[in-house]
Amino acid sequence: MSEPKKTPAPAAAGGRASTKKELPEHFKAYKHVWVFVEQERGQVHPVSWELMGAGRILADKLGVELAAVVVGAEGETVRNAVAESFCYGADVAYVCADPALADYRNEAYTAAMTNLVNTYKPEILLLGATTLGRDLAGAVATTLLTGLTADSTELDVDADGSLAATRPTFGGSLLCTIYTLNYRPQMATVRPRVMPMPDRVEKPLGKVIELPLGLAEADIVTKVLNFIPDRESSKSNLAYADVVVAGGMGLGSPENFQLVRQLAQAIGAEYGCSRPLVQKGWVTSDRQIGQTGKTIRPRLYIAAGISGAIQHRVGVEGADLIVAINTDKNAPIFDFAHVGIVTDAIRFLPALTEAFRKRLSAHSRDKLAS
């Protein structure tokens, strides 16, 4: 007697389609978009306002409030950060002010943030992918047992209201969109200069909700003994430069990279490089542009001998004008450059530098860079 023929089980649908979208009941009360306003030594990091602009778009799509989250010591610095948050689009500000929060310490800031989240329940929480923001975001996500998409380059919400956070992956060769479907809050960090800076509009102080830290100084293991400022005052300011000149492997040697520096000097610009030059030790890491380096949004970006792989593209595509110089007419950088010049950068850069030197006075160079 033959055995009955077995029907194979249908293959499970892959990807997001096979994931349950229904939120657990206790997460359905989570609403609104929050932005962590990062501040150190009395200064708010500009990425916080960039995220307020992105958060405003998400909040409007979801029909919810946009909130600023300000953590720090009681005093003028916190009050100013709260006031500025309304000028950059916040509907409400959540504040945790305590002397123990005067300096950033992971334990204290994580306690403050998780207490705020558990009390007021946001559905989306955005932080800057700075040194401080990355440290805090990872600790908060781990404590809350939720998902975190790091170094996002694009934020959106899909048809069912889920946060869609896009970031490069596989060494920068692909872009992927990540969802946190069954947990709240949905968290993402975004690097400085990825999002455009929104316009500041003078507004009065709005609704402010305060929550005590609930943690005594004696309970915090880490102590701040002293603050020593960074002695590397000569480090680059690539992220906020208006004009940037960069070089890649197409220059052939570290000696030829001097051509990039000379052009940058001639037009009052910052200079940078692609990742391979840092890996070879030709240029210091603070000059690297791309996914694993700096993200820039200059008015003018000149790229010499850079192929334009995805990991570099995500770091520069916010520039107003991209001029690419490469001998390979099929180089990926020509797919997103506004002006493409197919020539040898080693010969072209000196000629371009000399032309600028003849036409630009010192005053003109300063004006171009500003």
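The values are calculated or read from the model by the stated rules, or taken from the named source; none is laboratory data. None of these values were measured; they are calculated from a predicted model. Because the Cβ atoms are built from the backbone with ideal geometry, glycine has one as well, and the counts that use them run over all protein chains shown. Only protein heavy atoms, including side chains, enter the accessible area calculation; ligands, DNA and RNA are left aside. Shrake-Rupley method; radii C 1.70, N 1.55, O 1.52, S 1.80 Å.
Relative contact order of the chain, taken over Cα pairs closer than 8 Å and 6 or more residues apart, is 14 percent. Rg and Dmax over the alpha-carbon atoms of region 232-304 stand at 11.0, 30 Å. Extension gain for Tyr183 to Lys61 (0.36 nm times residue separation, less C-alpha to C-alpha distance): 41.9 nm. With all protein chains present, how much of the accessible area of region 129-219 (probe radius 1.4 Å) comes from carbon and sulfur, to the nearest whole percent? About 56 percent, which is the carbon plus sulfur part of the accessible surface.
For the cross-link pairs Lys28/Lys61; Lys329/Lys358; Lys121/Lys207, which exceed 23 Å when the distance is taken from alpha carbon to alpha carbon?
Lys329/Lys358, as the Cα separations exceed 23 Å there.
When each of the peptides 334-342, 183-191 is scored by the mean number of other C-beta atoms lying within 10 Å of its residues, the order from highest to lowest reads 183-191, 334-342. With θ taken as phi - 60° and the Karplus curve 6.51 cos²θ - 1.76 cosθ + 1.60 applied, the whole-hertz 3J(HN,Hα) list for region 133-149 is x, 5, 5, 5, 4, x, 5, 5, 4, 5, 5, 7, 6, 10, x, 9, 9 Hz, x standing for glycine and proline. With a simple spin-label model that places each label point 7 Å from the Cα along the Cα-to-Cβ direction, the separation between Asp328 and Asp156 comes to 2.9 nm.
For region 177-265, a crude dipole built from +1 on the beta carbon of Lys and Arg and -1 on the beta carbon of Asp and Glu, taken about the Cα centre, is about 180 debye to the nearest 20. Taking 7 Å steps out from each Cα toward its Cβ at Glu76 and Thr284 produces label points 3.3 nm apart.
Ranked highest first by average number of other Cβ atoms within 10 Å, how do 205-216, 75-86, 127-138 line up? Please report the intermediate quantities before stating the final value.
Values: 205-216: 13.5, 75-86: 18.6, 127-138: 20.4.
My ranking of the peptides, most packed first, is 127-138, 75-86, 205-216.
Helix content alone sets the calculated 222 nm mean residue ellipticity of the chain: runs of n ≥ 4 DSSP H residues at -39500 (n - 2.57) each, divided across all residues, give -8500 deg cm²/dmol. Once the chain from Lys207 to Asn237 is taken as fully extended at 0.36 nm per residue, the excess over their C-alpha distance is 7.3 nm.
Let's test the formula: R0 of 35 Å, r as the Cβ-Cβ distance of Lys31 and Thr222. What FRET efficiency results, to the nearest 0.05? That gives a FRET efficiency of 0.55.
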